1. On the basis of being over 23 Å from residue 282 (Cα atoms) and without any contact (Cβ under 8 Å) to a residue 12 or more places away in the chain, does residue 319 make the cut?
2. Would you call residue 329 within 30 Å of residue 260 (Cα to Cα) and at pLDDT 95 or above?
3. From 233, 228, 238, grab the single residue that is open to solvent by 10 Å² or more (accessible area, probe 1.4 Å), touching an Asp or Glu at 6+ places or on another chain (Cβ under 9 Å), more than 19 Å from residue 391 (Cα to Cα) and modelled with pLDDT of 95 or more.
4. On the basis of being open to solvent by less than 20 Å² (accessible area, probe 1.4 Å), closer than 17 Å to residue 254 by Cβ and not basic (Lys, Arg), does residue 405 make the cut?
5. Which one of these does residue 346 not meet: (1) closer than 23 Å to residue 259 by Cβ; (2) surrounded by fewer than 24 Cβ atoms within 10 Å (Cβ to Cβ)?
6. I want to confirm something. Restricting to the stretch 384-402 and keeping residues that are surrounded by fewer than 20 Cβ atoms within 10 Å (Cβ to Cβ) and not polar (S, T, N, Q), which single residue is farthest from residue 234 (Cα to Cα)?
7. Is the stretch 254-261 home to any residue that is closer than 27 Å to residue 296 by Cβ, within 20 Å of the chain's Cα centre (by Cα), crowded, with 22+ Cβ neighbours inside 10 Å and β-branched (Val, Ile, Thr)?
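The values are calculated or read from the model by the stated rules, or taken from the named source; none is laboratory data. The shown structure was predicted, so the numbers you read here are calculated from the model rather than taken from an experiment. We place every Cβ from the backbone using ideal geometry, glycine too, and count neighbours over all the protein chains shown. Side chains included, ligands, DNA and RNA excluded: accessible areas come from the protein's heavy atoms. Shrake-Rupley method; radii C 1.70, N 1.55, O 1.52, S 1.80 Å.
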Amino acid sequence: DAANHLLAMESYVSHAPARSSSRCAAISIGVNAVLATVGIIAFASSSYAADLQGPIRASQRAAVTMPNMAINGMMRQSTPFQQSQAIMNNAGRQMRMKAVETVADVDSPTIEQFLSGSESKLQKAVMAMFNACKEIGYKIRTASCDKQACFNAFGDEQLAIDVLADNVIFENLKASGAVATASSEEEPTEVNMGGSGYSVAFDPLDGSSIIDTNFAVGTIFGIWPGAKLTGVKGFEQKAAGLGVYGPRTTITLAVDGIEGAHEFILIDDMSSRHGQWVLSQSFHTIGEGKLFAPGNLRATLDNPGYAELFQHWYDNQYQLRYTGGMVPDVNQIMVKGKGVFVNAASKNAKAKLRLLYEAAPTGYIIEKAGGKSSDGEQSVLNLEVIGTEDRTQVAYGSAGEVDRFESLVGKKYL
């Protein structure tokens, strides 16, 4: 507004009549207006600086006040039920805005600070994955992709984005010196990385088939001690992560010896923390709630248990929240603190998810976040990885929902 006012005064002065006395008067008025405007800006700036030192920032106050003004206007023309809904929605909106605001808190630890108490080689292995995910996130944002390949700004065809992601992760793991063996879902063999300490299994870009639609996609990884990735079980992991490439780039990390699962956001606002991974929120509880993400629904055709489970969700008016990408569909369960993700199997619709690259790392994170995982009979963390291609059906979520999956679906129809 101040800038518009200055432009208006400048226009007024430039178009004033040619008579000297009138022009001088106009110039005098313009100068006084400019000085007044500068004074207002200076006062506003000092007030804003003072606000930043207080418990509530000016931006927060404005963000809260504007919705409240809109709510108050609506109240005068709404029913009591609509009024109550508006109040609840406004409260939820303010809570979400507050959560986003805390992301940039200067006191929030970076991933390096968060891991400072962990074993040194584990820190290096985890940081290799964080560095890789940062690069992948950038490539996803700047590449134009179809289902087969990606193109740069000049229209030159490049490697498909999932192959690019695969290469980036292998390069970072090898450079860490802390990884003896690595294996990718893209090429499910155990590859010597030349380092020592840990082995890493990963799905470089889960959901790559939907990337051309600009849906959120992700990276999954699990870190085991030693130099092999077969003959291991999920509960033996030392760390696991879910990277989400959506409106924000985040990684939810679970580490042995640290309670809970913890989300880190990649700061991308050209501030002093630009490029850093900063702790944004932590997950300790997944409660009961009517939210479901059902994968492999074709299995309902010859798995009566899965069909009955789906009917339960439908009859009880659960909220359907499913994108076709397992990473964002599972991640929402932690963020919302409720719900269930299921990818069931049947005789004709076989299990899709690989135990080593997807099911075990995701199960580790969900259980650290206070939820439960199951293959129909037991926690996926109890399943031994016999071969890198092993697959399993899964359920992740609250204890009650996963128990229902075991009761209705189980393994009796496989």
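1. Against the criterion (over 23 Å from residue 282 (Cα atoms) and without any contact (Cβ under 8 Å) to a residue 12 or more places away in the chain), residue 319 does not qualify.
2. Working: within 30 Å of residue 260 (Cα to Cα): yes; at pLDDT 95 or above: yes.
Taking the combined requirement at face value, the residue satisfies it.
3. Values: 233 fails: more than 19 Å from residue 391 (Cα to Cα); 228 fails: more than 19 Å from residue 391 (Cα to Cα).
It is 238.
4. no
5. Looking at each condition in turn, residue 346 falls short on (1).
6. 400
7. No, because not a single residue in the stretch 254-261 is closer than 27 Å to residue 296 by Cβ, within 20 Å of the chain's Cα centre (by Cα), crowded, with 22+ Cβ neighbours inside 10 Å and β-branched (Val, Ile, Thr).
Quick grid of which residues meet (1) over 20 Å from the mean Cα position of the chain (by Cα); (2) under 17 Å from residue 402 (Cα atoms); (3) open to solvent by 10 Å² or more (accessible area, probe 1.4 Å); (4) of a type in the set (A, V, I, L, M, F, W, C):
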| residue | (1), (2), (3), (4) |
| --- | --- |
| 274 | no, no, yes, no |
| 288 | yes, yes, yes, no |
| 313 | yes, yes, no, yes |
| 316 | yes, yes, yes, no |
